1. Just checking: which of the strands (runs of 3 or more DSSP E) contained wholly in segment 185-303 hold 1 or more residues that are within 16 Å of the ligand (Cβ to nearest atom), within 27 Å of Asp145 (Cβ to Cβ) and at pLDDT 95 or above?
2. With the requirement that a residue be loosely packed, with under 14 Cβ neighbours inside 10 Å and under 21 Å from the mean Cα position of the chain (by Cα), what does segment 246-271 give you?
3. Mind checking whether some residue in segment 50-62 is within 10 Å of the ligand (Cβ to nearest atom), crowded, with 23+ Cβ neighbours inside 10 Å and within 28 Å of Lys302 (Cα to Cα)?
4. Residues Gln213, Gln241: which one is surrounded by fewer than 18 Cβ atoms within 10 Å (Cβ to Cβ), in contact with a Cys (Cβ under 9 Å, 6 or more places away or on another chain) and in contact (Cβ under 8 Å) with a residue 60 or more places away in the chain?
5. Give the residues of segment 91-103 that are surrounded by fewer than 24 Cβ atoms within 10 Å (Cβ to Cβ) and either assigned to a loop (DSSP other than H, G, I, E, B) or within 18 Å of the chain's Cα centre (by Cα) (or both), sorted by residue number.
6. Based on what the data block shows, is Ile106 surrounded by fewer than 16 Cβ atoms within 10 Å (Cβ to Cβ), more than 15 Å from the ligand (Cβ to nearest atom) and either modelled with pLDDT under 95 or basic (Lys, Arg) (or both)?
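The values are calculated or read from the model by the stated rules, or taken from the named source; none is laboratory data. Quick caveat, the model's predicted, so the values are computed rather than measured. When we count neighbours, we look across all protein chains shown, and the Cβ atoms used for this are built from the backbone with ideal geometry, even at glycine.
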Amino acid sequence: MKRILITGGAGFIGSHLCERLLKEGNEVICLDNYFTGSKENIIHLLDHPYFEIIRHDITAPIMIEVDEIFNLACPASPVHYQYNPIKTVKTSVMGAINMLGLAKRINAKVMQASTSEVYGDPEIHPQPEKYWGNVNPIGPRSCYDEGKRCAETLFMDYHHQNNVEIKIIRIFNTYGPKMDLNDGRVVSNFIVQALLGKDLTIYGDGQQTRSFQYVDDLIEGMLRMMNTPKEFIGPVNLGNQNEFTMLELAKYIIELTGSTSGLIFKPLPKDDPKMRQPNTALAKSMLNGWDCAVHLREGLEKTIEYFDSTLRKKAARKKVARV
Ligand SMILES: NC(=O)c1ccc[n+]([C@@H]2O[C@H](COP(=O)([O-])OP(=O)(O)OC[C@H]3O[C@@H](n4cnc5c(N)ncnc54)[C@H](O)[C@@H]3O)[C@@H](O)[C@H]2O)c1
């Protein structure tokens, strides 16, 4: 049994990771300040004898004895990370320093949840790990993109200078149950709009592409990466290579929800990448043939079911409050 710390454990990805690591017989400590995460995501785990939660902000140091750390704490959607950009930079940079300092002191292995945003608006397609990216350092997305880039730098420097055992993964767009209803990300936006019978908002002409991986595939990749030999530190891309235009995705979600919603078009936000697709050759070769196994249809159906039940619960609570 390993003792594992997950920062950002009450968030979308973190809560799935808590579940999976507990299922595998580990002791899990979930650390979160609940900025974007929620206790609802982990409430079903609270009675588990090997699950603990700590309310803490990773911009402050913490002392705790663990074998492994998954560093996920950071708001991930533009609406959330742009709400307080200075805090976003602090979370990425000071959070990385605090987690690396902790790993160094207690001799733990530490993984950084980095992002495809380190590639910015890429000039190379699909993006391999060797590509350095095309990031605007002074734009509205910079607090997140540059914060994550600096965190990667810190991970490499702690590894080279202090011999800390590190792993870096670059996560591409991920979706699934427990995503926040109002986080403004395209999959949640489209599903909520379709379920409420509202028109789906397409930014630009809808021809920009993204690739979406289901959260279970990501978690599998994260665990395989954490268990690779010490010498393999990454960064490694984890994402789905199947690419869709936003227009295709919108039409697919309307079909799967059986919604009567239409489409409305709005201007593209500043610095929005036009295309994003991972090159996953490294993940395949280093992570035992890892690949995305969940088909978009299956993943979307599970996600739609989750959003449908969450919206119903919300509506029922409102009704009770009115009575
Ligand atoms: N979801 C994706 O598609 C995606 C893509 C690339 C990278 N990532 C990375 O994966 C990680 C998890 O993303 P997610 O989608 O689950 O987002 P999320 O917002 O659901 O989860 C982030 C969690 O971190 C917590 N948090 C934020 N700031 C904190 C702080 N200062 N101290 C302690 N806790 C803090 C939040 O409350 C939340 O529970 C993030 O680091 C994100 O950058 C996610």
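1. Where strands (runs of 3 or more DSSP E) fall fully within segment 185-303 and carry at least 1 residues being within 16 Å of the ligand (Cβ to nearest atom), within 27 Å of Asp145 (Cβ to Cβ) and at pLDDT 95 or above, they are 236-238.
2. Passing the criteria: only Pro269.
3. no
4. On the way: Gln213 fails: surrounded by fewer than 18 Cβ atoms within 10 Å (Cβ to Cβ).
Every option except Gln241 fails the conditions.
5. Val93
6. When the stated conditions are applied, Ile106 does not pass them.
Here's the yes/no breakdown for (1) within 19 Å of the chain's Cα centre (by Cα); (2) within 13 Å of the ligand (Cβ to nearest atom); (3) aliphatic (A, V, I, L, M):
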site: Gly120; (1), (2), (3): yes, no, no
site: Ile124; (1), (2), (3): no, no, yes
site: Trp132; (1), (2), (3): no, no, no
site: Asn136; (1), (2), (3): no, no, no
site: Arg141; (1), (2), (3): yes, yes, no
site: Thr153; (1), (2), (3): no, no, no
site: Val164; (1), (2), (3): no, no, yes
site: Arg170; (1), (2), (3): yes, yes, no
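Quick grid of which residues meet (1) of a type in the set (Val, Ile, Thr); (2) closer than 19 Å to Val236 by Cβ:
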| position | (1), (2) |
| --- | --- |
| Glu152 | no, yes |
| Asp157 | no, yes |
| Glu165 | no, yes |
| Ile169 | yes, yes |
| Asn173 | no, yes |
| Asn189 | no, no |
| Gln193 | no, no |
| Asp199 | no, no |
| Thr209 | yes, no |
